[in-house]
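The values are calculated or read from the model by the stated rules, or taken from the named source; none is laboratory data. Model, not experiment: these values are computed from the prediction. Here the Cβ is made from the backbone with ideal geometry for all residues, glycine too, and neighbour counts use every protein chain on show. Please note that ligands, DNA and RNA were not included when accessible areas were found on the heavy atoms of the full protein model with its side chains. Shrake-Rupley method; radii C 1.70, N 1.55, O 1.52, S 1.80 Å.
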Amino acid sequence: MKGVWPLLVVLCLLIDCINGEDAYVFFTWNVTYGDIYPFGVKQQGILINGQFPGPQIDSVTNDNLIISVFNSLDEPFLLSWNGVQQRRNSWQDGVYGTNCPIPPGQNFTYVLQVKDQIGSFFYFPSLAFHKAAGGFGGIKISSRSVIPVPFPPPAGDFTILAGDWFKQNHTDLKAILDSGHDLPFPDGLLINGRGSNGYTFTVDQGKTYRFRISNVGLTTSFNFRIEGHKMLLVEVEGTHTLQNTYDSFDIHLGQSVSILLTADQPAKAYSIVVSTRFTSQVLTATSVLKYSNSGGSVPGLPPVDQPLRLTGLLIKPDLLASGPRPNPQGSYHYGLVNTTRTIRLANSAPIINGKQRYAVNSVSFIPADTPLKLADYFSISGVFNLGSIPDNPTGGGGYLQTSVMAADFRGFVEVVFENSEDTVQSWHIDGHIFFVVGMDGGQWSSSSRLSYNLRDGISRSTIQVYPKSWTALYMPLDNVGMWNIRSANWVRQYLGQQFYLRVYSPANSWRDEYPIPKNALLCGRASGRKTRPL
């Protein structure tokens, strides 16, 4: 036994070294204005390190991201991370309900972890109407090398950030909204910050490539297709999917997907096409898929618009795929978990005080003078009231309110989005994933539950609600914090179609939520207070 003990000590030390802290990845970003020409017309864009779109974040599951952002604009600025769950850490969510803006000429360092996540996401500016000027970029979270991925490694990995765009500067667009009017129809679509055929993806014949596609637009869904090629869907917002083949695929506002494309066609150039969905006027933009051995060929006419495809319940998860999976209350068997509450959310477009607004359950959100998370932490009264938005549609006219809904940590809720309007809606929930259990036309009722998929619904963070339809979700409230629930249509979000969900744990433990960051910016009625000792 005497000879065994030293070996055991060495073994324990080796295990401790192997189980070291997760990796840190550092970024330094300078946010500036700059001239951009997406449609050949000079505009004032928001650049990150001189780039439009901004630099991509490449990371691996559980990486700690240290992102130092210098605001060189002449107005406050914030970045948010669409789909990154911020486990126990709504302090880093980067929306005004949780963070003070970065003042002009100052910087703030985000410290966030891509905990238990893989997949394709994006970041964007969340204040004012900055998103209409740029400031967005892709986020790629790769699986750890020891975790198998349910498809062979692709020969290349491309990111496509596409969406509608306006020729007017973001300040002019914001002024239109502030005056109580809606925006005109967009001027066109962009792919990676460029108009038609302004971007080329080069592939080698016979090889397979991954395309990560996000709808970073302001107001419209789009259809995505690649001339002459099939697309294999493999991932949706962090979930590996059953690998179905598509000729085209609809991607709604705020959504991200991954497809595999095999370059198995004759060597030439082909069109990559995005075109608007659910719009009376159809906008189209193209990029080029060029085979490396194709010489100087150019693509022909883009493929015609595809028949309308309603994707939603058709997408299934790959239940056999490995991956990082937090498992709150067995929610990966979500159909066996009893729901603790039903929340029905109806969108509307009321006129309030003579101005166009948008609302949820008749409440049109107005920002408070202090971020809600700070007011909650410092117990500052008068900033918001819990229960300031009802759990069910009221059917009444719209009114203005800083709307916050109370929720209990470790609850398991049924959320039903109800859309009585004739436009497609898209909703995003920060800090959580949810399981899509139902989607249908008409009015939701309790009998609609009979059609729910309680076996293999996809988990994601952004979901569409078709015109005159409803969409139902099951969501584990497994993340303490103050979380934004919003329309991904940025006009509607800006004019009030959002609210905050306060997921609360009475334990007040670091096990449930990280403490306030030492470098947290303090503003409004939280100015002059202390965070915690350095």
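Numbers at a glance
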item	result
Total residues in the range 438-460, condition farther than 21 Å from LEU320 by Cβ and open to solvent by less than 10 Å² (accessible area, probe 1.4 Å)	1
Any hit, the range 203-218, residues being aliphatic (A, V, I, L, M) and either in a loop (DSSP other than H, G, I, E, B) or open to solvent by 70 Å² or more (accessible area, probe 1.4 Å) (or both)	yes
Filter result (hydroxyl-bearing (Ser, Thr, Tyr) and either over 17 Å from HIS240 (Cα atoms) or assigned to a loop (DSSP other than H, G, I, E, B) (or both)) within the range 452-461	TYR452, SER461
Tally of residues being more than 15 Å from GLU414 (Cα to Cα) and open to solvent by 10 Å² or more (accessible area, probe 1.4 Å) across the range 461-479	4
Complete set of residues in the range 233-248 that are of a type outside the set (S, T, N, Q), open to solvent by 10 Å² or more (accessible area, probe 1.4 Å) and under 22 Å from the mean Cα position of the chain (by Cα)	GLU237, GLY238, HIS240, LEU242
Which listed residue, of ASP74, ASP58, is charged (D, E, K, R) and closer than 30 Å to GLU21 by Cα	ASP58
Positions within the range 24-42 being open to solvent by 40 Å² or more (accessible area, probe 1.4 Å) and within 23 Å of the chain's Cα centre (by Cα), in sequence order	TYR24, PHE26, THR28, ASN30
Enumeration of residues in the range 63-87 that are outside any strand (DSSP E or B) and more than 18 Å from the chain's Cα centre (by Cα)	ASP63, SER72, LEU73, ASP74, GLU75, PRO76
Residue match in the range 43-60 (condition: buried (at least 22 other Cβ atoms within 10 Å of the Cβ), in contact with a Lys or Arg (Cβ under 6 Å, 6 or more places away or on another chain) and of a type outside the set (Ser, Thr, Tyr))	no
Meets criteria (of a type in the set (Asp, Glu), more than 20 Å from THR339 (Cα to Cα) and touching a helix residue (DSSP H, G or I) at 6+ places or on another chain (Cβ under 6 Å)) for ASP369	yes
Count of residues meeting criterion [buried (at least 17 other Cβ atoms within 10 Å of the Cβ) and of a type in the set (D, E, K, R)] in the range 339-359	2
Any hit, the range 315-331, residues being open to solvent by 20 Å² or more (accessible area, probe 1.4 Å), at pLDDT 90 or above and closer than 30 Å to ALA406 by Cα	no
Close pairs from the range 287-299: first open to solvent by 60 Å² or more (accessible area, probe 1.4 Å) and outside any loop (DSSP other than H, G, I, E, B), partner of a type in the set (A, V, I, L, M) and modelled with pLDDT under 95, Cβ under 8 Å, at least 6 apart	none
